[in-house]
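These notes are about the structure you will find just below.
The values are calculated or read from the model by the stated rules, or taken from the named source; none is laboratory data. Note that this is a predicted model, so its numbers are computed, not measured. Because the Cβ atoms are built from the backbone with ideal geometry, glycine has one as well, and the counts that use them run over all protein chains shown. Please note that ligands, DNA and RNA were not included when accessible areas were found on the heavy atoms of the full protein model with its side chains. Shrake-Rupley method; radii C 1.70, N 1.55, O 1.52, S 1.80 Å.
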Amino acid sequence: MPLHAKSKEFLEQLAAAGMPPLGSLPVPETREAFKGVAAFGGPPQSLARVEERTIPGPAGEIPLRIYTPEVRGSLPVLVYFHGGGWVIGTFDTHDGVCRHLAKQAQAIVISVDYRLAPEHKFPAAAEDCYAATLWAADNAGSLGADAKRLAVGGDSAGGNLAAVVSLMARDRGKPRIAFQLLIYPVTDHAYDTASYRANAEGYLLTKDAMVWFWNHYLGGKADGANPYASPLRAASLAGLPRAMVVTAEFDPLRDEGEAYAQKLRDAGVPVKMKRYDGLIHGFFSMIGFFDQAKQAVADAAAEIRSLPKG
């Protein structure tokens, strides 16, 4: 498919605004510039409650933002990990998508402000996200949620973290996760796929940007082979929760996301996989700009909403 007109329009807007390429500025400036993506999240969705709290983590307190929809009963709970290459991103950059997911999935959504690199190298982010997921399982009842309908999800590096937390939960024996939502996830510390070659530059996320992100996240090259950094390298994906995998055609991460979906299927894990043709990395959380994002969020919400009650 050709590049979608909305993708082209978005890229032209960034160019006209003088947006520097991802990974071309120092970390503080990149974090500040990335905050602008919140503007594409669409109008705020009304919810019953949005609150922030902190919980104990492996190296100090972990901030959470908890979104509660205007429905009653014991609800599914989605622990959400924002994207940003493990280096950038905040509650606010992904506030819009979390609100939409909470409202449409009729679920409690817990957004996790995990530690970022390079200040905190691998596996800090993964361990924070695992701790937050454990907390969600242990405290589901007090939140009005059903621990048997516990889901994890995230986009890009957040999709990586959702896949990794699912592996950790299986390997460590808890908690029981019912569903993983993997939105154009990073699954392998490599840059050798066809989508990396075809989409190396020109479509927002570039190969150079991914090298920049990985180099900030990992403590050394050996870390990249660890399945908790590169879940595609796990010896087995058997016993993992069912999954929904979303990819975008003009995204260097497309092929590794789809390879992970196939490896899950080969291991006997039920998977729904959808590639959004003509679109670029990052579209899912830009509900105020991409009509396809509205459909993608609706599809993901439907999967969470349909989780069997405990």
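Determine if segment 99-107 includes at least one residue that is touching a helix residue (DSSP H, G or I) at 6+ places or on another chain (Cβ under 7 Å) and surrounded by fewer than 23 Cβ atoms within 10 Å (Cβ to Cβ). Within segment 99-107, one or more residues are touching a helix residue (DSSP H, G or I) at 6+ places or on another chain (Cβ under 7 Å) and surrounded by fewer than 23 Cβ atoms within 10 Å (Cβ to Cβ). Among the residues of segment 94-122, the one identified as among the acidic types (Asp, Glu), in a loop (DSSP other than H, G, I, E, B) and more than 16 Å from residue 213 (Cα to Cα) is 113.
Against the conditions (1) open to solvent by 40 Å² or more (accessible area, probe 1.4 Å); (2) in contact with a strand residue (DSSP E or B) (Cβ under 7 Å, 6 or more places away or on another chain); (3) under 16 Å from residue 160 (Cβ atoms), residue 263 satisfies every one except (2).
For (1) touching a His at 6+ places or on another chain (Cβ under 7 Å); (2) acidic (Asp, Glu); (3) part of a loop (DSSP other than H, G, I, E, B); (4) free of Cβ contacts under 8 Å to residues at least 40 places away in the same chain, each residue gets a yes or a no:
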site	(1), (2), (3), (4)
164	no, no, no, no
167	no, no, no, no
171	no, yes, no, yes
180	no, no, no, no
188	no, yes, yes, no
196	no, no, no, no
200	no, no, yes, no
204	yes, no, yes, no
209	no, no, no, no
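Just one of the listed residues (224, 239, 220) is open to solvent by 50 Å² or more (accessible area, probe 1.4 Å), more than 18 Å from the chain's Cα centre (by Cα), under 26 Å from residue 130 (Cα atoms) and not polar (S, T, N, Q), namely 239.
May I ask you to verify whether residue 154 is within 22 Å of residue 298 (Cα to Cα), open to solvent by less than 10 Å² (accessible area, probe 1.4 Å) and in contact (Cβ under 8 Å) with a residue 24 or more places away in the chain? Yes, satisfied. If the condition is being touching a Gly at 6+ places or on another chain (Cβ under 8 Å) and open to solvent by 60 Å² or more (accessible area, probe 1.4 Å), then segment 32-45 contributes 39, 43, 44.
Residues of segment 11-30 that are touching a Gly at 6+ places or on another chain (Cβ under 9 Å) and either in contact (Cβ under 8 Å) with a residue 40 or more places away in the chain or within 14 Å of residue 199 (Cα to Cα) (or both): 11, 22, 23, 30. For segment 51-70, what are the residues that are open to solvent by 40 Å² or more (accessible area, probe 1.4 Å), in contact with a helix residue (DSSP H, G or I) (Cβ under 8 Å, 6 or more places away or on another chain) and part of a strand (DSSP E or B)? Residues satisfying the conditions are 56, 58.
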